[in-house]
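Okay, so here's the structure we're looking at.
Please treat every number below as a calculation from the coordinates, not as lab data. Note that the coordinates shown come from a computational prediction; the quantities given were computed from them, not determined experimentally. Cβ sites come from the backbone with ideal geometry, for glycine too, and all protein chains shown count toward neighbours.
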Amino acid sequence: MGQQTKDDDKERSKAATQISDSDPRPCLALSELTELLCGTGLLTSQQARDIETRATTLKSRVLKEKVGSVRSQAANRYDVSGPEIVAAAALPHPQKDHRRIDEDAIAMSLAEKGNLPYVKIDPLRLDGDLITKTLSRPFVRRHVVVPIEDDGETLRLAITDPFDSMLRETLESLVQRPLVYSVSAKRDILSVIDRVYGFRSSIAKAQDELGESRADSALVQLVELRSDDELASGSDEHVIAAVDYLLNYAFEQRASDIHMEPRAVDAVVRFRIDGILHDIEILPIAVHAAVTSRIKVLARMNIAERRRPQDGRIKTVRGEREVELRVSSLATAFGEKVVVRVFDPQILMAEVQDLGFGDIERERYEKWITSPSGLILVTGPTGSGKTTTLYSTLRYLSGPEINITTVEDPIEMVDPRFCQVQVQSQIDVNFASALRSILRQDPDIIMVGEIRDTETAQMAVQAALTGHLVFSTVHTRDASGAVTRLTELGVEPFLLSSVLRGVLAQRLIRCICPHCAADGYMTPDQVSALGLKIPIERRERLAVRWGEGCIECRHTGLYGRAGVFEMLDIGPRIRGLIKTGQDANEIARAARVEGMESLRENALRALANGTTTFEEVLRVTADGE
């Protein structure tokens, strides 16, 4: 039996070689594909036979995933490819632990056998004008091909089958210029086609008129976004379709913010991904107004008001989970700018143990948050993860016996485990007045979105003095600065010293991509730039890691973000300094003596353990040691 398997492998390898060296021919059949993949070692003969036997079942699985039904009209239009059938088997990858044989792995094997480069398409680097002006949407959709690069002399096209010579002949007769080819996964090519052609088609056909919004007293509505396949089926509501394309694309690219910024003659759409903004699309200025109006309709904002800033929110569904969007509008010199912040509950509602604390830091933080009463502050600039930390903490503390009430401006995410109050300044519901009312509601834990005025600061301290556990945020550079900020707002130092349990200052730092991480050493100049006091003879042997760049991280070497923290623990010595009115520098020096790590030191720890890079440490902690 073992000999028979080896013979089968040899025969399939021989057949695969013949395929790659053969004369012009149409695309691969499933049996030819499995033979080729056996030749590259991606499949065994037994796995190939199993896939061919189960082809009908696997095809149905693909159709259900792609179009939702095996009997719909969309299923009849969708041509399931061999790589999709093989990928649907979800077999383990023979060379890569914890990975499956997916469309990317199959595309790599096809590229190798076809003597073409494999390209993982980065949609953020594509030129939408090049794509739409080169080939028509029906052609690229039918043949699964897309232009990805123009170097001035040759045009590079991404295809799925390097052996489909008929397609190449057709392309060369259509384009009439030198062409080069790369192999990419069908999933990636179709995603680009749906986004670029669908979005631009919707923008080109966009109408000025929008449907009327219905009055609704609810804080947030659930909006159902249509899938790319549903959008591709056609709709007269072109602006609505464009917004749906835009939001779906933002979710796919892990964007945390969507910026729509008007300029003199057009408008730009940008996504913030892992803290960095990327240009995505250019819109005609008239269409920008229609798109922003549609978003305001979804967010229950006043579309007639374009001069005053407004806030709103949208709830929608992504896969099997709800995603909340916070919308903000602002009048600028060239029109109304809209920013949509994406709140993914899987991130916003992380577990406390997943926030990035070290063992000592987590033990200290849990000591703070399990106190029966007191005030705990989280500091940092906008976008530093304060909301994630606070929501994760409240979720950790929640239970049927605990009454948790929050007052926020705005409510970042609606959670049934908390009683959440929205600040509404137009009816005199501000942080202070809401907090005053909350104290009459028998709360155990209170979260105040931000302490920004004297009355709110005094009410928060009073709530902590009367036996409640109070969480809040302040905008200060470091942890010790929060103490000075509250005293500047009029809180008596002796009161603050008696209620404050701890201050957490935090930043978000980008992480090294786990798929392309490499080991190396810091240079002496880098050691000096970080201010490390290390003997000269050891400066060239400090081991660090960095990302070399790969398809997973868009060749940036960075993927995802983690927190770095500065934790000011209020012990007897610090309490005494607060009580006597000492400044932030004196408090910070005493805290350092008692073991507090600064943000720079905590970031250096992340650098030393291979979480982040030298450049990220400098970028995030450039405002101080």
Using Cα atoms only, what is the angle between the long axis of helix 238-252 and the major principal axis of the chain, expressed in degrees (0 to 90) to the nearest 10? 80
Grab the beta carbon distance between residue 427 and residue 601, set R0 = 35 Å, and tell me the FRET efficiency rounded to 0.05. 0.15
Angle, helix 454-465 long axis vs. longest principal axis of the chain, Cα atoms, 0 to 90°, nearest 10? 80
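Less than 12 Å Cβ to Cβ from residue 518, Lys/Arg counted +1 and Asp/Glu -1: what total charge do the surrounding residues give?
Cβ neighbours under 12 Å give a net charge of -1.
Provide 276, 101 in ascending order of the number of other Cβ atoms located within 10 Å of each residue's Cβ, fewest first. Numbers along the way, then the final one.
Values: 276 10, 101 22.
The fewest-first ordering by Cβ neighbours comes to 276, 101.
Over the chain, what is the percentage of antiparallel beta bridges among all DSSP beta bridges, to the nearest 5? It would help to have the intermediate numbers written out before the result.
Numbers: 57 of 88 bridges.
Here the antiparallel bridges make up roughly 65 percent for the chain.
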As a test, work out the antiparallel percent of DSSP beta bridges whose residues both lie in segment 370-527, rounded to the nearest 5. 5
Using a basic spin-label model with each label point 7 Å from the Cα along Cα→Cβ, how many nm lie between residue 562 and residue 254? 1.4
Using amide H atoms built in the peptide plane, which far-off residues or other-chain residues are under 5 Å from residue 447 H to H? 405, 406, 407, 471
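Would segment 392-432 count as rounded, prolate or oblate if I go by the C-alpha gyration tensor, calling it rounded below 1.5 in a/c and otherwise prolate when a/b exceeds b/c, oblate otherwise? Let's see the in-between values first.
Values: a/c = 2.97, a/b = 2.25, b/c = 1.32.
Here segment 392-432 falls in the prolate category.
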Does segment 128-192 come out rounded, prolate or oblate by the C-alpha gyration tensor, with a ≥ b ≥ c the root eigenvalues, rounded set by a/c under 1.5 and, if not, prolate when a/b is larger than b/c and oblate if not? rounded
Among 448, 265, 239, 414, which comes first, second and so on when ranked by fewest other beta-carbon atoms within 10 Å? 265, 414, 239, 448
Residue-wise HN-Hα coupling along segment 475-488, computed from phi with Karplus coefficients 6.51, -1.76, 1.60 (Hz; x: Gly, Pro): 9, 9, 6, 9, 5, 5, x, 5, 5, 4, 4, 5, 5, 5
Give the calculated FRET efficiency between residue 31 and residue 285 to the nearest 0.05, with a Förster radius of 51 Å applied to their Cβ-Cβ distance. 0.40
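Among 43, 330, which comes first, then next, by fewest other beta-carbon atoms within 10 Å? Numbers along the way, then the final one.
On the way: 43 27, 330 12.
Ascending Cβ contact count within 10 Å gives the list 330, 43.
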FRET efficiency estimate (nearest 0.05) - Cβ-Cβ, residue 437 to residue 519, R0 45 angstrom: 0.20
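Given the pairs 59/315; 96/120; 66/113, which span a C-alpha to C-alpha distance of over 22 angstrom in this model?
On the way: 59/315 34 Å; 96/120 17 Å; 66/113 28 Å.
Where the Cα-Cα span goes over 22 Å, the pairs concerned are 59/315; 66/113.
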What percent antiparallel are the DSSP beta bridges of segment 351-457, to the nearest 5? 10
From the phi of every residue in segment 441-449, what ³J(HN,Hα) in whole Hz does the Karplus formula 6.51 cos²θ - 1.76 cosθ + 1.60 yield, where θ is phi - 60° and glycine or proline is x? 9, 6, x, 9, 10, 10, 10, 9, x
Using only Cα atoms and rounding to the nearest 10 degrees, what angle (0 to 90) does helix 2-21 make with the longest principal axis of the chain? 80
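For residue 57 and residue 543 in one chain, what is 0.36 nm times their gap in residues minus the Cα-Cα distance, to one decimal in nm? Walk me through the numbers before you get to the answer.
On the way: separation 486, 0.36 × 486 = 174.96 nm, distance 5.06 nm.
Between residue 57 and residue 543, full extension yields 169.9 nm more.
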